[in-house]
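Please read the structure below before turning to the comments.
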Amino acid sequence: MKAEPTRSSGEPEVIEPVDAEARITELKNRHGRALFHFLLRLTHGERDLAEDLLQETLIRAWRNIDRVPVAEENSRRWLFIVARRIAIDAARSRQTRPAEVNLLDVELVSGPNPTTETVLAADAMRRAIRSLSREQRMILAELYLHGSSTKEAARRLGIPLGTVKSRTFYALRSLRDAVLCEGPGVQ
């Protein structure tokens, strides 16, 4: 059995790539299950999200393998701190994104025998879209008709990413409010 490398005071340990792979596998085997359950609690039981956060934690450990302490208790503490920070960042990221609102599928409206409700909903949607500014319509078209990501839309339209996100948020909110106020059955 190979002796664990020791660190002299102040000098970071240099780990060869082959050793790094073995080390990350060892960390995953020793602490992966506990980390997953910890992240599962932090994500309120969302298994997929907890798995994603665990994977991100292990990637961060792999990228910084020379900073992960060698002693088992210290490496465990390091992993849990990193996992907690990643979970906090993910939660903050989800809070800053605007809520997604599905736009009316135009193909459903042009079906063979549209009902009165469908026609009224399509008319309300058309009026709501016309009420948006040109910039908001361009962003929604880029995101929802062309299928671009926010980064791609920012690049294509030549505007900052934050502008794309805020215009999208306000455009979708305006559409939602307009459709809810003018939708079928609302008098």
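The values are calculated or read from the model by the stated rules, or taken from the named source; none is laboratory data. Everything numeric here is computed off the predicted structure, so don't read it as measured data. Note: ideal-geometry Cβ built from the backbone for every residue, glycine included; neighbour counts use all protein chains shown.
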Within region 1-99, helices (runs of 4 or more DSSP H) holding 3 or more residues that are more than 16 Å from the chain's Cα centre (by Cα), closer than 30 Å to Val164 by Cβ and modelled with pLDDT of 90 or more: 47-63
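Restricting attention to region 148-162, does a residue exist that is in the same structural domain as Leu120 (by TED's automatic domain parsing), small (Gly, Ala, Ser) and modelled with pLDDT under 90?
Within region 148-162, one or more residues are in the same structural domain as Leu120 (by TED's automatic domain parsing), small (Gly, Ala, Ser) and modelled with pLDDT under 90.
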Qualifying positions in region 123-149 - in contact with a Lys or Arg (Cβ under 6 Å, 6 or more places away or on another chain) and of a type in the set (Val, Ile, Thr): Ile139
